[in-house]
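Step one of this worksheet: look at the structure below.
The values are calculated or read from the model by the stated rules, or taken from the named source; none is laboratory data. What you are looking at is a predicted structure, and each value in this text was computed from that prediction instead of being measured. Counting neighbours? That spans all protein chains shown, and the Cβs are built from the backbone with ideal geometry, glycine included. Please note that ligands, DNA and RNA were not included when accessible areas were found on the heavy atoms of the full protein model with its side chains. Shrake-Rupley method; radii C 1.70, N 1.55, O 1.52, S 1.80 Å.
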Amino acid sequence: MRAALAPGVRLLRALPRDSRYRGLTLVLTFLSYTSYHLSRKPISIVKSQLHPNCSALGPNPHNDSNSSTWCSWAPFDGDNYKELFGALDNAFLVAYAIGMFISGIFGERLPLRYYLSGGMVLSGFFTALFGLGYFWDIHVLWYFIVVQVCNGLVQTTGWPAVVACVGNWFGKGKRGLIMGIWNSHTSVGNILGSLIAGAWVSSAWGLSFVVPGIIITTVGIICFFFLVEYPEDVDCSPPLHHVITSNEDPLSLSGQSSANHSSSPKEPAEEPEAISFLAALRIPGVVEFSLCLLFAKLVSYTFLYWLPLYIVNVAHFGAKEAGDLSTLFDVGGILGGIFAGLISDYTGGRATTCCVMLVVAAPVLFLYNHVGQNGIGTSIAMLIICGALVNGPYALITTAVSADLGTHESLKGNSKALSTVTAIIDGTGSVGAALGPLLAGLISPTGWNNVFYMLIAADVLACLLLARVVVKEARGWCGPMARKRGY
């Protein structure tokens, strides 16, 4: 089922088609997922303001008490505040993980434009609702938990939809590099979210949520008017999704001839059926990369939610300064995603690229914990390097690998698997994203060293889970017919 052509797109039909519409798709999906991450980041910045060290501000002006929690925001003013922060993170991430498996199924069967823009508007509403708790003077935990659960569910509309849209427009040729650059939206969103949230965190932290909520809602409305789901909808040629061998017909890979595209772009001869959940699991590589992402995303999201608080506690920066410094981790993530995509395109080894970066990340995380705060220069360098090594594999798996598997040659040109495969991989990864911040909240009272040991162990496990695919890639390179191939 496809939606009617977006209204704003009619204004662009007179312009050159293929490259212009591909560019439009990249820009719109980039802005969409930038705004998704922008709206997720404020909670990590605001944590240090919900439970600051009030003793540094002097005695309680209300009762002359020297209590160190008089300026904290109840219910986060108790000694169990880290556990409560972990509960907030977990409420969002568990809901996100559960919803992601369902979201991919809906994404294959509903118009992506409606699904994406509707989800963005709802995400903006619930993000702003969290911040309104400040202005409404709400101090009950259940309110913030419920808002986080609802936000986690509606935010699952984003990733399957944007990856499916990009996968519909771009073939495998330089997909790693293109999607590596495109995937910088995650880090750009985190950086902007940190800066926007930091602007109000010390004065009126509610605005740290309300402003991102308005932004994602606005971008969602723009997507509704301009996003194109399929090349055929605007008389463009669909891409080839796997390498053509000498005995294959190029037209059979795309599923339709160019004549059919030009004569009836909206009415293909036969609409392929959406793939089932179990059929998606049987695609070679889906299980391995899904489990690898579980541990890779555990590490990435622990940094996403706990890095600013770690910097405050260890380096003794203020809330705004810690939030600004934490953006360097995302700068490294941009570089890591591009590097991973470029190398994997050149070598044809997606799994090997991930494995090498994960192996190197483990000792680097150890070094950052022990020497990363020895001067501002060291801290900056280590944060960028950690960000590149941690987010590089995560970015590659959630973009190019997901698109490769969602258009795997075993599907025989059926593009109705992209959203489901993407949701399975990212949904499994989101289980790790939920576990990481939760474990960090439980472990951090015993010392930050133990948190980093947990992250290092997760990196090693992520690498081991790809061993079979890495061996397959190595055999392909060593064979007489070595060439880039799908998984």
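Listing for the model above:
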read-out	value
Which numbered condition Phe85 fails, given (1) surrounded by fewer than 18 Cβ atoms within 10 Å (Cβ to Cβ); (2) in a helix (DSSP H, G or I); (3) modelled with pLDDT of 85 or more	(1)
Residue in segment 175-185 that is more than 23 Å from Ala128 (Cα to Cα), in contact with a Phe, Trp or Tyr (Cβ under 7 Å, 6 or more places away or on another chain) and in a helix (DSSP H, G or I) present	yes
Candidate set: segment 46-80, residues that are farther than 19 Å from Leu207 by Cα, surrounded by 12 or more Cβ atoms within 10 Å (Cβ to Cβ) and not polar (S, T, N, Q); chosen: the one modelled with the highest pLDDT	Pro75
Test: residue in segment 270-291 that is in contact with a Gly (Cβ under 9 Å, 6 or more places away or on another chain), at pLDDT 85 or above, open to solvent by less than 50 Å² (accessible area, probe 1.4 Å) and hydroxyl-bearing (Ser, Thr, Tyr)	yes
Residue among Val287, Val312 that is in a helix (DSSP H, G or I) and within 21 Å of Lys47 (Cβ to Cβ)	Val312
Subset tally (residues that are crowded, with 19+ Cβ neighbours inside 10 Å and of a type in the set (S, T, N, Q)) for segment 192-218	3
Hits in segment 351-365 (condition: closer than 17 Å to Phe289 by Cβ, touching a Leu at 6+ places or on another chain (Cβ under 9 Å) and either outside any helix (DSSP H, G or I) or open to solvent by 10 Å² or more (accessible area, probe 1.4 Å) (or both))	Thr352, Thr353, Cys355, Met357
Positions within segment 316-334 being assigned to a helix (DSSP H, G or I) and open to solvent by 30 Å² or more (accessible area, probe 1.4 Å), in sequence order	Lys320, Glu321, Asp324, Leu328, Val331, Ile334
Close pairs from segment 221-249: first closer than 22 Å to Gly158 by Cα and β-branched (Val, Ile, Thr), partner surrounded by fewer than 19 Cβ atoms within 10 Å (Cβ to Cβ) and at pLDDT below 75, Cβ under 8 Å, at least 6 apart	Val228/Leu5; Val228/Val9
Tally, over segment 150-162, of residues that are more than 15 Å from Phe101 (Cα to Cα) and modelled with pLDDT under 95	1
Selection count, segment 123-137, where residues are crowded, with 16+ Cβ neighbours inside 10 Å, among the aromatic types (Phe, Trp, Tyr) and within 14 Å of Val201 (Cα to Cα)	2
Set Cys292, Cys354: member being closer than 25 Å to Gly441 by Cβ and under 18 Å from the mean Cα position of the chain (by Cα)	Cys292
